[in-house]
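Let me begin by presenting the structure, written as structure tokens, before commenting on it.
The values are calculated or read from the model by the stated rules, or taken from the named source; none is laboratory data. This one's a predicted model, so the numbers in the text were calculated from it and none came from an experiment. Here the Cβ positions follow ideal geometry from the backbone for every residue, glycine too, while neighbour counts run over all protein chains shown. Heavy atoms of the whole protein, side chains included, go into the accessibility calculation; ligands, DNA and RNA do not. Shrake-Rupley method; radii C 1.70, N 1.55, O 1.52, S 1.80 Å.
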Amino acid sequence: MIENTQSGQAGKTYSFRSRFGLNAANFFQAEAVGVVLPILNTFLKEARWRYDQIGLATALLGLGTLLFQTPAGVLVDRIKSRRLIFFIASIAVGVCFGVIPLVPRTPIWIDTLLFLSGVAQSTFIPVLGALALALVGYKALNRTLGENQGWNHAGNIVAALLAFVAVKYFGSASIFYSVAIASLVGALSVYWIRKQELNEEMASGDGNQPQVKWGTILRDRSVRFLLIAVGLFHLANAPILPVTALYIKQLGGTSELATFTVLSAQLVMVPVAWATGRLCDSWGRKPIMAVAFWVLPLRILSYTLAHNPHMVVFLQALDGIGAGIYSVAIVAFAADLTRGKGQFNSLLGVLATAQAVGGVVGPVVSGLVLQHVGFNATFIGFAALALLAAAAFQLLVPETQKKASDPEAAGASQFP
């Protein structure tokens with residue numbers, strides 16, 4: 001058994017099998033969806049879709065997540081069978097993507113499947129966060145998140161490499177079948193986590209204490225400012241990966257090369273996520289998250305200087321810094337802000353909703369801008385938006401780590 005001391009609860013143990021199951025769930029969930037967007041965009045472009053139609057299709061995937069992200073967080077707080085929630089969602093994602101090559105390539109079919117996939121994906125962030133907290137508790141949470149996200153990004157690396165081979169030899173449609181297979185394996189792997197080792201009450205952030213009302217969490221100014229910053233960050237960031245895939249094609253690159261926009265970033269994300277789990281404790285949450293926010297405008301603006309497809313792939317590696325940090329630090333923020341109050345997964349759901357807003361609005365806007373004024377104007381506009389997000393985070397969002405470590409602050413927050 002692996003020993004761990006949980007906050008207020010000494011002697012909590014969990015097995016290597018459960019730890020492996022949690023990592024495997026993160027690995028296959030990432031592999032299932034990690035390379036879909038750039039391949040989907042080239043797949044639809046080959047079917048003679050316009051840029052604005054492609055942007056709308058991508059937005060509908062984000063819309064499904066947006067509409068159901070907060071309900072998904074509430075669901076994960078209320079339903080204790082969290083392994084079952086992950087199982088059902090993973091199977092649903094696999095089915096939605098697996099049938100895309102088999103249906104007519106018309107908006108009514110593709111858009112509907114992408115929307116339903118977004119609905120299913122809305123559960124992944126809160127349910128995996130809940131399982132991590134239920135298994136290891138607060139003391140080991142950040143390091144466990146770093147490890148989980150390392151496996152998550154490793155899954156994306158494997159998916160990108162397999163996608164490169166699959167697209168090269170079997171065509172872009174083959175990637176959707178691999179999503180179905182990875183989703184099935186991921187759905188089964190979550191049951192490697194032993195039920196008796198999960199503290200389902202701790203998974204809601206309350207540790208057997210009465211939960212505060214949901215409105216109380218939202219009245220916290222720290223929560224509100226964090227939501228604003230996160231929404232702006234993802235509004236700027238969400239459309240950039242699919243746009244860079246199209247930019248590679250515009251510069252004469254191949255569909256196979258477009259898959260490396262994912263791979264270059266994921267190679268960076270693995271060590272960054274692992275380090276973030278430790279730096280969240282030693283540096284604090286805000287300093288490490290600030291790095292993610294300030295790297296984003298620099299990355300987006302750098303594409304205006306790239307005039308060959310290989311340079312675009314190289315610059316896309318900078319995405320690994322921001323994404324690797326964000327995926328770990330945002331859960332640490334949510335854990336701090338709900339510790340001793342409950343509603344942990346609900347807050348994760350709301351934060352993921354702010355993220356999903358970017359996934360809906362960003363592709364629509366980028367598709368329209370790209371269709372009418374071209375790539376350079378698109379990159380400059382979204383770089384300016386990313387700069388606004390970084391300024392909002394730096395000026396408005398406070399450090400939250402002391403709220404978790406200070407016994408008097410652990411059950412309180414900054415209310416107006």
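Output the 0 to 90 degree angle, nearest 10, between the alpha-carbon long axis of helix 124-136 and the longest principal axis computed from the alpha carbons of the chain. Value to nearest ten degrees: 30.
If the Kirkwood radius is taken over C-alpha pairs of the chain, then at 4 °C and 1.567 mPa s the Stokes-Einstein diffusion coefficient equals 61 µm²/s.
Exposed loop sites here mean GluC sites (Glu not before Pro) with a DSSP loop assignment and at most 16 other beta-carbon atoms within 10 Å; the chain contains its longest site-free run at 1-199. Rounded to two decimals, the Cα-based Rg/Rh of the stretch 218-321, with Kirkwood Rh, is 1.05.
Averaging the sequence gap over all C-alpha pairs within less than 8 Å and six or more residues apart, then dividing by the number of residues, gives the chain a relative contact order of 28 percent.
Across q = 0.31 Å⁻¹, the stretch 37-84 modelled as identical point scatterers on its alpha-carbon atoms has Debye log10 I(q)/I(0) values of -1.07, in the order of the q list.
Classified by the C-alpha gyration tensor, the stretch 279-326 has a prolate form. Its axis ratio a/c, with a ≥ b ≥ c, is 1.5 or above, and a/b is larger than b/c.
The 3J(HN,Hα) values that the Karplus relation (6.51, -1.76, 1.60; θ = phi - 60°) gives for the stretch 382-399 are, in residue order, 6, 5, 5, 5, 5, 5, 4, 4, 5, 5, 4, 5, 4, 8, 10, 8, x, 5 Hz. Gly and Pro appear as x. By the gyration tensor of its Cα atoms, with a ≥ b ≥ c the square roots of the eigenvalues, what is the shape of the stretch 357-397: rounded for a/c under 1.5, prolate for a/b over b/c, or oblate? Note, shape of the stretch 357-397 comes out oblate.
For the stretch 107-236, with all protein chains in place and a probe radius of 1.4 Å, 67% of the accessible heavy-atom surface sits on carbon or sulfur.
Against the chain, whose longest principal axis is taken from its Cα atoms, helix 16-33 shows a tilt of about 30°.
Within the stretch 280-402, the proportion of Cα pairs with more than 19 Å between them is 56 percent. Annotated for the chain: lysine pairs at least 8 residues apart or interchain, Cα distance under 20 Å, count 19. The overall shape of the stretch 73-174, judged from the alpha-carbon gyration tensor, is oblate: a/c is not under 1.5, and a/b is no greater than b/c.
To the nearest 10 degrees, how steep is helix 82-98 against the longest Cα principal axis of the chain, on a 0 to 90 scale? The helix 82-98 is inclined about 0 degrees to the chain. Other residues with beta-carbon under 14 Å from the beta-carbon of residue 390 carry, at +1 per Lys or Arg and -1 per Asp or Glu, a net charge of +2. Helical runs (DSSP H, four residues minimum) scored at -39500 (n - 2.57) apiece and divided by the length of the chain put the mean residue ellipticity at 222 nm at -25000 deg cm²/dmol. Backbone geometry of the stretch 290-300 corresponds, through the Karplus equation with coefficients 6.51, -1.76 and 1.60 at θ = phi - 60°, to 3J(HN,Hα) couplings of 4, 4, 4, 5, 7, 5, 4, x, 5, 5, 4 Hz, x marking Gly and Pro.
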